[in-house]
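Below: one structure, written as structure tokens.
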Amino acid sequence: MAVPDATPDKPVQLVHPAAEPAAGPLIGDPGLLGLPSFIVGTVALALVFIGVVPAGTTGAALPIILAATAIGMFIAAIWAAAIGQSAVAGINGTFAGFWLSYAVLVLGLTHSWFGIAPAAIIATEKLFLIAWLVVMVILTLAMLRLPLAFTVLLTLVDVAVLLVLLGTVQPSTSLLKAGGYVALVFAAVGAYIFVGAASHATGGKEFPLGTPVLH
């Protein structure tokens, strides 16, 4: 997976290791853990919004989100930081925080952990979604020097969170479903990036990820 390389004395540059297949242990690729962890949680939550599970079972995706996605992406963030891939660590750590805080939100509201009155539940969900939408948009803009596939993925995340926010404010089942479908699309983009990284790690070539928006 293309990763940024920078020191205090030179600007960020993209390192593209795809010219040669991976050989030996090298330093590894945290994306091989972070991406599938991200994909499985995204698909599970998208299916909840689309309506694959009965209404009122928002927590159906929580076992996957807590035990696989949040933990997997936190580990990927630590792995990336340990090998100097700061941007990758930032992306994985940010998304791990989102998934974990979503799980805590749903569990907390379901079991009345935070003393939030039923009348304030919608406002609490709006607060959560607005706060994370701000962070996701900032993250998208901050990572415009990564290959285009990452910008597309992060932009679709922004759109999905916005749709879910609007569907919560309205409320609108159609908007929530639209958010779920957009989530499936960015899960597919994540799968494309993952398969390319796996191809490289197993001796093949990476898939093209596109030219960065900023150089």
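Could you grab me the full set of residues in segment 48-68 that are in contact (Cβ under 8 Å) with a residue 40 or more places away in the chain and either under 15 Å from LEU139 (Cβ atoms) or outside any helix (DSSP H, G or I) (or both)?
Taking segment 48-68 first, the residues in contact (Cβ under 8 Å) with a residue 40 or more places away in the chain are 48-51, 58-59, 62.
GLY51, the sole residue that qualifies.
What do you reckon, is PHE38 in contact (Cβ under 8 Å) with a residue 60 or more places away in the chain and assigned to a helix (DSSP H, G or I)?
Details: in contact (Cβ under 8 Å) with a residue 60 or more places away in the chain: yes; assigned to a helix (DSSP H, G or I): yes.
Spelling it out, PHE38 is indeed in contact (Cβ under 8 Å) with a residue 60 or more places away in the chain and assigned to a helix (DSSP H, G or I).
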- Item | Set LEU153, LEU146: member being within 19 Å of VAL185 (Cβ to Cβ) and out of contact with any helix residue (DSSP H, G or I) (no Cβ under 6 Å at 6 or more places or on another chain) | LEU146
- Task: Write out, first by first residue and then by second, each pair whose Cβ atoms fall under 8 Å of each other, whose residues are 6+ apart or on separate chains, and whose first residue, in segment 191-208, is under 17 Å from VAL40 (Cα atoms) while the second is of a type in the set (Phe, Trp, Tyr) and open to solvent by less than 60 Å² (accessible area, probe 1.4 Å).
- Result: ILE193/PHE150
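State the number of residues belonging to segment 25-60 that are over 15 Å from the mean Cα position of the chain (by Cα) and at negative phi. Steps first, please.
To start, the set of residues in segment 25-60 that are over 15 Å from the mean Cα position of the chain (by Cα) comprises 25-29, 47-60.
Going one step further and asking which of them are at negative phi, we end up with 25, 27, 29, 47-50, 52-55, 57-60.
Residues flagged as over 15 Å from the mean Cα position of the chain (by Cα) and at negative phi within segment 25-60 amount to 15.
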- Task: Go through segment 175-209 and give me each residue that's touching a Ser or Thr at 6+ places or on another chain (Cβ under 9 Å) and either charged (D, E, K, R) or part of a loop (DSSP other than H, G, I, E, B) (or both).
- Result: LYS205, GLU206, PHE207
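When you check THR168 against the structure, is it touching a Lys or Arg at 6+ places or on another chain (Cβ under 8 Å) and hydroxyl-bearing (Ser, Thr, Tyr), yes or no? So that I can check it myself, show each step before the final result.
On the way: touching a Lys or Arg at 6+ places or on another chain (Cβ under 8 Å): yes; hydroxyl-bearing (Ser, Thr, Tyr): yes.
Answer is yes for this residue.
Tell me which helices (runs of 4 or more DSSP H) are completely within segment 69-174 and hold 1 or more residues being open to solvent by less than 30 Å² (accessible area, probe 1.4 Å), more than 19 Å from LEU35 (Cα to Cα) and among the aliphatic types (A, V, I, L, M), or say none if there are none.
Details: elements: 71-82, 86-111, 121-142, 148-169.
Fully inside segment 69-174 and qualifying: 86-111, 121-142, 148-169.
The values are calculated or read from the model by the stated rules, or taken from the named source; none is laboratory data. Quick caveat: nothing in here was measured; it's all calculated off a predicted structure. Note: ideal-geometry Cβ built from the backbone for every residue, glycine included; neighbour counts use all protein chains shown. All accessible areas refer to the heavy atoms of the entire protein, side chains included, with ligands and DNA or RNA removed. Shrake-Rupley method; radii C 1.70, N 1.55, O 1.52, S 1.80 Å.
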